[in-house]
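Comments concern the structure below.
No value in this document is a laboratory result; all are computed from the given coordinates. For clarity, every value in this text was computed on a predicted model and none was experimentally measured. Reconstructed Cβ throughout: ideal geometry from the backbone, glycine too, with neighbour counts over all protein chains shown.
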Amino acid sequence: GEGEGEGEGGSKPPTAPPAAPAGPAGNWFGEEEELPEDLTLGVRSEHRAMFLIDLKYDPEGRLVLEPSLEKVEEVAVSVISDLVEATKQIVSFQVDVINAKPSATHLEPCSGEDFDRLMSDCIARVRSSVQDNAFGPRSLVREFEKYPFLIETNVDTYVNDWIEAAHPLMESKAEIERFLTGSEAVQTRFASDTVLRMYVVSCAETKTMLYNKAMKLKSLMLTQIAAEAREQSGTMVQSFSGILDKLQESPEDPEQLAILQDYVKDCDQEVEELAREIGKAREKLDLLEAFGFDVDREDFELYWQAYSKPREVDTMRKAAIPRQEEDRIKFMQKLQEAANEFQKELQSIDTDVNNFFTYNDLEQAEEYSGQVMVLNQRLLEAAEQAQVVNGREKLFDFPQTSFDEIESMAQVFKPYADLWSIASEFQKSFPNWMYGPFNTLDAEQIDTNVNTWWKFAWRAEKTFDGKAEPQSVAATLKERLDTFKPNLPLIAALRNPGMRDRHWTKLSAEVGETIYPDVSLTLKYLLEIDINKHEQFITTLSEQAAKEYGFERTLDKMKTEWRDLQFEFSPYKDSGTYVLKGIEETVMLLDDQIVKVQAMRGSPYAKPLEAVVVEWSNKLVYMQDVLEEWLKCQKTWLYLEPIFASPDIMRQMPTEGRRFQKVDQMWRSTMQTGADAPAVMQVMTIDNLKQHFVEANKTLDLVQKGLNDYLETKRSAFPRFYFLSNDELLDILSETKDPRRVVPHMPKCFEGICGVKMKGEKEEEQAQGGEWLNITHMVSGEGEVVALSNQAPVEPDADRNRGNVERWLLEMEGSMRVSLREIGVDAIGKYKQSVRTQFVQEWTGMIVLAADCLYWTRDVEESMKAHGVEGVRKMEQQMVQELADIVELVRGELSKQARLIIGAMVVLDVHNKDVTALLVQSKVSSPAQFDWNSQLRYYQETIDGKDAIMTRMMNASLAYSYEYLGNSMRLVVTPLTDRCYRTLMGALHLSLGGAPEGPAGTGKTETVKDLSKAVAKQCVVFNCSDGLDYLAMAKFFKGLASCGAWACFDEFN
């Protein structure tokens, strides 16, 4: 409706709602105050709380308010806007009594500046009120965060770590109480719905969760303590049972009785330790009871069972003492009886030993040997029994009985025992030697036995001196061995493992009897045919057989060494085939065996094996030849494979490509066969392996020759290719189909050009080919862009150039020179009309430097001609000012390219200023004077009908070559640099070379390179090594003579 105004047509602005009563109890707004200790009733105001929010955990285990306080603030503010929008929906009404008619169907919304100001004020007050009251919930969160161990702890992980750390029982108790106390504090301090003035914070879920955490920790830790108490009780019961079993044991011998008696005396300490463990178990059970933990009945019974055991042990221990004393008396009686029996056994042994003194029949040696074994065993057992008796006497404190007679009997008996043992062995062996199959005799063992037994018999004769019976046996044994000893050389010679059928045939021929080493041949037969008459022949024959046998074994060993040797076939990149690797061991073994076999072939003892030796020698030589051809083929194949993998190379060299493909097929087939069965000897059996590799190498030689001829053709067409290696050139030629892929290789041919711009700037345009691939600009490594002249277009994809990279690179070289000459002429013409500081930022870097030096030369000479020395002095002042201008320019904002140009120009300007100062000091007044004439000067002259730059120094002159060298820095020029320049310029003027000499790092190479920059010449730097030969030098000289470049051979000496 319309309101009444204070003045005519005026309107009264709405008034703000009344403020809430002040004071702590009725304050609507929160204040930054500490929350009370008791929050069960919250913090209330005279108004009812408006917002209910929850205190919850987020997934990361932090306490958060949901919804957030920021969201609550936005909701509260949005209510104001929602109220205004709602008024727009109120329908107008009319009152019939006064016939009032509404001016519209709906109430007009409030509007105007006053209303907007009121709205802003209202929103601000609501926002401020909500923000002020937010302090309460935030403080509540901080109060909860005072219990971080409750909030942040992962109970399962925490309890597992606690158990692994094995904390003492009291620490576990304290930790449980800490969690329970914290949980109780949370439950009692905070209400489930805490009222904080405008907010009600629901904490029920969080309180419940923290309570459950504390209870879970308590349950897990007490469960672990109960398990430890159960395990402790069970262990103690087992230990006490072991003690009781030990106390009840009945000893089987005096030694066991002594052990049991010691145990009865010393078991007190073990019982005391177990009693202490019972106390620890009781502490755990008391703790469980204090926390109201429900302990299993079985656990209590187990504990009480352990608790009663010490008394049971004590009772059993007391009963064991008298029982053991009875056992002691019983064992003492048995010991006395055993000692008496033992004395009788010793007397029996002594009688049997004395019987051996009378034995003298060698034919009964085997029977006597059996008695020796029995008697030796009885003596050993008697010695052991004596130790047992003495030990038991010591246990019972009896006097020690001496049994020295046992050792005496053993010493007396030993010579007789050895005599009859050896006699028995001889009696058993002699028939086998004489009548057994000769081919089963072990010559070495027979020789050892005969000599050993003879020495014993010889000593025994002296040992038994005065004892007729055993002495006669030793003499008889020695006599028989003496009779047999002459047969030992015969046995050794004929039982040589090298004896073969051919040797037995020779022996048969010599003796006149057929002798063959089968089962029927015996030593007795050989002696009957009086074979010893041929002793010398047999010895020689045996030695020959031994040496031949040595050769046989050597050959067998050689063949064995190859048995497990394998070639290493390694996959080669992604080619699908293999290459041979790690053959050093194979080559060494091959060389070593070839030397050995050659030595064997020269020995007379190898004659019977000649066929085998020659066959093995030929096989080794064949293997050596195969490896040599194989490695040669592999080296060439590895070089050529990536070359002919390029379709462009295959297209340009079809004949060589077909030849290489033929070799490649053979290579892949052979390598696959070898990889399937890599054993060396098996690989060498591949059919025609050597011939395949020989033919492959011949073919690859033709391919290489054709490749070199092809590369020479390309180098002749574009001479800068002479300065590239074959690999670098092939990298370029393999990309001729797409000029864009050649561009990355351009720095190898043009030092200053690292990229180009083409007419087609987008990749889609360049993909169309044709004129879109025309090169319009060259780009240096520093990022300088130089436009190419329209008078010398570079068209890589034109019909005349397509697929022939050398042609359009030649166009690139020509266009580079033409373009730079045009830029130079244009720049020199505009130098005087331009502001110098502006000029250096607008033109190509190398042209700026050339123009700067040219005008310095022109200005100095004109000053000399016009005003003499005074003119030069003014020129010096002018140069100082120009340098100051450049310094001012450097301090400002400059592009990267301009800063590089100015850097190089300052180096030259400083040198030019120094030269000008020297001219003033030397009072040079004419261009013809030496001090001026000896400087590097630049002039613009007409060469071949075109304006160009000419450099002069004394009477030497070199035309500026317009080789693009990029936007690079220049060398600081010193007096020594000038001297080098003069020498080199003079030499070049006379078509000679120069050779700067000096210590390393003094700038020889850099001086040569800087002089080439000064005259814009291509300079190829080559680092020499001992591998530099006349062919490499010839290739360089071809390139130099063809393209007019300079070459700097570094470290030429």
task: Lys and Arg at +1, Asp and Glu at -1: add these up for the other residues within a Cβ distance under 12 Å of LYS547 and post the number.
output: -1
message: As a footprinting exposure proxy, order TRP504, TRP932, TRP808 by other Cβ within 10 Å, with the fewest listed first.
response: TRP504, TRP932, TRP808
For the chain, average projected area of the Cα convex hull in nm²: 104.5
- request: Any chance you could count the Lys pairs in the range 568-717 whose alpha carbons are under 17 Å apart, treating pairs 8 or more apart or on different chains as valid?
  value: 20
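Is the shape of the range 945-992 rounded, prolate or oblate, going by the alpha carbon gyration tensor and its root eigenvalues a ≥ b ≥ c, with a/c under 1.5 for rounded and a/b larger than b/c for prolate? Mind showing how you got there, number by number?
Numbers: a/c = 2.14, a/b = 1.07, b/c = 1.99.
Oblate, because a/c is 1.5 or more while a/b does not exceed b/c.
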- request: With a Förster radius of 25 Å, plug the Cβ-Cβ distance of ASN532 and GLU363 into 1/(1 + (r/R0)^6) and report the FRET value to the nearest 0.05.
  value: 0.35
- prompt: What residues qualify as long-range amide H neighbours of VAL579, i.e. H under 5 Å apart, gap of 5 or more or another chain, H built at 1.01 Å from N?
  reply: SER570, TYR572
message: Can you list residues from other chains, or at least 5 along the same chain, whose modelled amide H is less than 5 Å from the amide H of ASP193?
response: CYS203
- prompt: What number, rounded to the nearest 500 deg cm²/dmol, is the helix-based mean residue ellipticity at 222 nm of the chain, given -39500 (n - 2.57) per DSSP H run of at least four residues and division by all its residues?
  reply: -21500 deg cm²/dmol
query: Whole-Hz Karplus ³J(HN,Hα) for the range 607-612, in order, using 6.51 cos²θ - 1.76 cosθ + 1.60 and θ = phi - 60°, x for Gly and Pro?
result: 4, x, 9, 4, 4, 5
task: Can you tell me the relative contact order of the range 937-982? Whole percent, Cα pairs under 8 Å, sequence separation 6 or more.
output: 24
- request: Take ILE515, ILE649 and order them by how many other Cβ atoms sit within 10 Å, fewest up front.
  value: ILE515, ILE649
- line: Non-local residues with an amide H under 5 Å from the amide H of GLY755, with H modelled 1.01 Å from N and Pro and chain starts lacking one, are VAL779
field: Ranked THR315, THR857, criterion: other C-beta atoms within 10 Å, fewest first
entry: THR315, THR857
message: Suppose we look only past 17 Å in the calculated P(r) of the range 719-814. What percent of the Cα-Cα pairs does that tail hold?
response: 48
- request: Sticking with the crude label model, points 7 Å out along Cα→Cβ, report the distance from GLU407 to LYS737 in nm, one decimal please.
  value: 10.1
- request: First select every other residue whose beta carbon is under 13 angstrom from the beta carbon of GLU615; then total the charges, Lys and Arg +1, Asp and Glu -1.
  value: +2
- request: Convert each backbone phi in the range 525-542 into a coupling constant with the Karplus relation 6.51 cos²θ - 1.76 cosθ + 1.60 (shift: θ = phi - 60°), then list the ³J(HN,Hα) values in order as whole Hz, x for Gly and Pro.
  value: 5, 5, 6, 5, 8, 6, 6, 5, 5, 9, 4, 5, 5, 5, 4, 4, 4, 5
message: With Kirkwood's inverse mean 1/r over C-alpha pairs for Rh, give me the Rg to Rh ratio of the range 752-982, two decimals please.
response: 1.04
task: Take the Cα atoms of the range 364-495, find their three principal axes, and give me the spread along each one in whole Å, biggest first.
output: 69, 34, 22
- prompt: Can you give the alpha-carbon Rg of the range 283-380 over 2.2 N^0.38 Å, where N counts its residues?
  reply: 2.60
- line: Relative contact order of the chain (C-alpha contacts under 8 Å, at least 6 apart) in percent is 5
- prompt: Normalised by the number of residues in the range 364-495, what is the relative contact order in percent for Cα pairs under 8 Å and 6+ residues apart?
  reply: 26
statement: Going residue by residue through the range 178-190, the Karplus relation 6.51 cos²θ - 1.76 cosθ + 1.60 with θ = phi - 60° gives ³J(HN,Hα) values, rounded to whole Hz and with x marking Gly or Pro, of 4, 5, 5, 4, x, 5, 5, 4, 5, 5, 7, 7, 9
